[in-house]
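The values are calculated or read from the model by the stated rules, or taken from the named source; none is laboratory data. Remember, predicted model here, so these are calculated numbers, not experimental data.
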Amino acid sequence: MIAAFGERLESIDKKLRILSQKYEIIRKENAMLMEENIQLKQTAGKHKTELEIVGKSLSETNKDLSQINANAHSNEDVKKKIDQYIKEIETCIELLENL
């Protein structure tokens, strides 16, 4: 009975050592993961800042493109007016030639 108790005690001791080793491995892994998490948060913060800068730049570019587009429409309107004037002048010239 004492031998069985000793074997049982030895088995529990062995399991405790294994458990202790596993705990130590998990503790170290947890510390590494926490450090990695901190680094990832810092990197995410940097990326967020960069995205804000790119967003502002994109917004400014969009404004510039809107102005260019408005100018293009304005130029088209001017060309149409000039074409109308040219047609009117040609009509006047034809009328004068027929006199």
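List of remarks:
- Residues of the range 25-54 satisfying the condition of being polar (S, T, N, Q) and under 25 Å from the mean Cα position of the chain (by Cα): Asn37, Gln39, Gln42, Thr43, Thr49
- Which listed residue, of Ala72, Ala44, is among the small types (Gly, Ala, Ser) and at pLDDT 90 or above: Ala44
- The listed residue being under 47 Å from the mean Cα position of the chain (by Cα) and in a helix (DSSP H, G or I), out of Lys22, Lys14, Lys87: Lys22
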